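**Q** Before I ask anything, let me first share the structure, which is written out below as structure tokens.
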4 protein chains.
Amino acid sequence: MRVEGTTSLRVRYAETDAMGVVYYGNYFTWFEVGRSAFCRDQGTPYPEWEARGVFLPCVESHCRYKQSARYDEEVLLRTWIEDVRDHSVTFAYRVERSEDGRLLAEGWTKHAFCDRQGKLLRCPQPFSEWLESVSDSKSNG
Amino acid sequence: MRVEGTTSLRVRYAETDAMGVVYYGNYFTWFEVGRSAFCRDQGTPYPEWEARGVFLPCVESHCRYKQSARYDEEVLLRTWIEDVRDHSVTFAYRVERSEDGRLLAEGWTKHAFCDRQGKLLRCPQPFSEWLESVSDSKSNG
Amino acid sequence: MRVEGTTSLRVRYAETDAMGVVYYGNYFTWFEVGRSAFCRDQGTPYPEWEARGVFLPCVESHCRYKQSARYDEEVLLRTWIEDVRDHSVTFAYRVERSEDGRLLAEGWTKHAFCDRQGKLLRCPQPFSEWLESVSDSKSNG
Amino acid sequence: MRVEGTTSLRVRYAETDAMGVVYYGNYFTWFEVGRSAFCRDQGTPYPEWEARGVFLPCVESHCRYKQSARYDEEVLLRTWIEDVRDHSVTFAYRVERSEDGRLLAEGWTKHAFCDRQGKLLRCPQPFSEWLESVSDSKSNG
């Protein structure tokens, strides 16, 4: 049973571009909003990771765009953890228009566990246990 | 023989984040800078596309991050066209640190040909001819 | 009696910079979030203005920064209308840290009434009446 | 005799909004580009300040918008130092369209001298001497 976090936001004018819709790069900011909310809501806010010296730089990212989002629309972000490895974690996302549930975009981001200097780490406790408890892999146990 | 465009830029403070490095989503803005320069330098500035009613919304994007970029560093963007289809074109990118040529990130973005209302188009002339002339596929002819 | 709108948001990692705090330019995006919420909550969402051909480009902006905001903090935006003229409206803002009510920044933005081509307009109905009803000037009546 | 720095940039699609022009908040990013170039070109790159423990957070900012800027246009940034005090420095900016020299916006930003923890500093050497040498105040000596 995968744990799915949800959070919603309003499209900002700043996020639109001259095509009248949300600029494609801004979906990655929304993905960040989604995973921040996921970590917070599931009990391990990202600032706690950093306070313990664990950073999660993104090492790979992907997005598929289905429908445009426009200024002032409300969108729903669905976030879950798709994969956990010793040295990385992959979050996945769905962005939907709140009004009609229409899929706007979907994507994923893979993050390495690093120390402050950017050196790769094995995910330390209590984070590895937490990741296991909120990821798909749990159901495989 | 693939045509490769190059352009360089300086990392802005605005583009960095609290980890002290460029925020992962901003690489997609740099990709846009790269493909804008490519189109301009190869003779078909993107505003000309729009002036003739052809828009190129991004339908898929991907980036792999190798090294961090920091404020005030100069980076070199290499851009080329990797694939041309009837209804889409895929640009590819390499981002390098100018000082030492180190690879920072690489990625690609796939764009659909659409009219102003977002309806999918077959790529019209003179753009399809231009794309052929600057893309890999030329060498296959 | 001035009408004050309030809305809150979480600081995004994307909004921080290498100093570890929110980049100074991003407060103007927050001001936009504040005035969008104000217009929506007071019954005249900004998309309605545009749908009737009235645009509100910013012609002047100002911000005074008092305290830094950090990633994942919640901030409260207070927004009100400070001045209404025939051809412009001025919104004012206070940004506070939700946790302790500490003032982070305060500022204002002045917006002209324009048509789609950017030609200056006298504020048309029903907007001028609405502005009067939600601005300070009402109390002078 | 004031020292004026100049640098130019191309409007990015990411910087435009649904009104088809550059989003008002992005001018503050351009101001940062202008003052970064100024410091670099005049011999004191901003990373050198930070390397010596001097940070320049913005404490006040202002912009007046005159004309819109559009995607792919080249703009020229003019930057100079308008005022130097014991604990702050004020940069001023003019943004012009390169093609016709038309004024797009003008503004200023005031920055405090702080240590890494954000504590206010008197501007230390060699920076105070440098500021004197490149600012208007020199002409008053």
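The values are calculated or read from the model by the stated rules, or taken from the named source; none is laboratory data. Predicted, not measured: the structure shown is a model, and the values here were computed from it. Ideal geometry is used to build each Cβ from the backbone, glycine not excepted, and the neighbour counts take in all protein chains shown. Keep in mind that these areas ignore ligands, DNA and RNA; they rest on the heavy atoms of the full protein, side chains included. Shrake-Rupley method; radii C 1.70, N 1.55, O 1.52, S 1.80 Å.
**Q** List the residue pairs whose Cβ atoms are under 6 Å apart, where the first residue sits in the range D:17-28 and is facing chain C (nearest Cβ under 7 Å) and within 17 Å of B:Thr29 (Cα to Cα), the second is open to solvent by less than 20 Å² (accessible area, probe 1.4 Å) and part of a loop (DSSP other than H, G, I, E, B), and the two are 6 or more positions apart or on different chains.
**A** So the pair list comes out as D:Gly25/C:Gly25.
**Q** As an exercise: evaluate C:Thr109 against (1) of a type in the set (Ser, Thr, Tyr); (2) open to solvent by less than 40 Å² (accessible area, probe 1.4 Å); (3) within 14 Å of chain D (Cβ to nearest Cβ); (4) in contact with a Gly (Cβ under 7 Å, 6 or more places away or on another chain) and give the number of the one condition it does not meet.
**A** (4)
**Q** Confirm whether D:Ser36 is open to solvent by less than 20 Å² (accessible area, probe 1.4 Å), farther than 30 Å from C:Val54 by Cβ, within 7 Å of another protein chain (Cβ to nearest Cβ) and without any contact (Cβ under 8 Å) to a residue 40 or more places away in the chain. First the steps, then the outcome.
**A** Details: open to solvent by less than 20 Å² (accessible area, probe 1.4 Å): yes; farther than 30 Å from C:Val54 by Cβ: yes; within 7 Å of another protein chain (Cβ to nearest Cβ): yes; without any contact (Cβ under 8 Å) to a residue 40 or more places away in the chain: yes.
It is true that D:Ser36 is open to solvent by less than 20 Å² (accessible area, probe 1.4 Å), farther than 30 Å from C:Val54 by Cβ, within 7 Å of another protein chain (Cβ to nearest Cβ) and without any contact (Cβ under 8 Å) to a residue 40 or more places away in the chain.
**Q** Within the range C:106-121, is there a residue that is under 17 Å from C:Gln42 (Cα atoms) and modelled with pLDDT under 95?
**A** So in the range C:106-121, the residues under 17 Å from C:Gln42 (Cα atoms) come out as none.
Checked the range C:106-121: no residue is under 17 Å from C:Gln42 (Cα atoms) and modelled with pLDDT under 95.
**Q** So D:Leu9 fits all but one of (1) outside any strand (DSSP E or B); (2) in contact (Cβ under 8 Å) with a residue 40 or more places away in the chain; what number is the exception?
**A** In the conditions (1) outside any strand (DSSP E or B); (2) in contact (Cβ under 8 Å) with a residue 40 or more places away in the chain, D:Leu9 misses (1) alone.
**Q** Identify, from the list D:Phe31, D:Phe38, the residue that is within 21 Å of A:Asp17 (Cα to Cα) and under 18 Å from the mean Cα position of the chain (by Cα).
**A** Of the residues listed, the single one that is within 21 Å of A:Asp17 (Cα to Cα) and under 18 Å from the mean Cα position of the chain (by Cα) is D:Phe31.
**Q** Tell me which residues, restricted to the range D:115-133, are open to solvent by 10 Å² or more (accessible area, probe 1.4 Å) and under 16 Å from D:Glu48 (Cβ atoms).
**A** Scanning the range D:115-133 gives D:Asp115, D:Arg116, D:Leu121, D:Cys123, D:Pro124, D:Gln125, D:Pro126, D:Ser128, D:Glu129, D:Trp130, D:Ser133.
**Q** Further question on the same structure: Filter the range D:80-106 for residues that are open to solvent by 10 Å² or more (accessible area, probe 1.4 Å) and among the aliphatic types (A, V, I, L, M) and give the result.
**A** Residues satisfying the conditions are D:Val84, D:Leu103.
**Q** Now, a different point. Would you point out the residue of the range B:55-79, among those that are away from every other protein chain (no Cβ under 12 Å) and open to solvent by less than 20 Å² (accessible area, probe 1.4 Å), that is farthest from the chain's Cα centre (by Cα)? Break it down into steps so the answer makes sense when it comes.
**A** First pass over the range B:55-79, keeping only residues away from every other protein chain (no Cβ under 12 Å): B:75-79.
Narrowing the set further to residues that are open to solvent by less than 20 Å² (accessible area, probe 1.4 Å) leaves B:75, B:77, B:79.
On the way: B:Val75: 15, B:Leu77: 9, B:Thr79: 6 Å.
Ranking the candidates gives B:Val75 first.
**Q** Within the range D:130-140, identify whether any single residue is within 17 Å of D:Ala37 (Cβ to Cβ), in contact (Cβ under 8 Å) with a residue 60 or more places away in the chain, in contact with a strand residue (DSSP E or B) (Cβ under 9 Å, 6 or more places away or on another chain) and within 14 Å of another protein chain (Cβ to nearest Cβ), and answer yes or no.
**A** no
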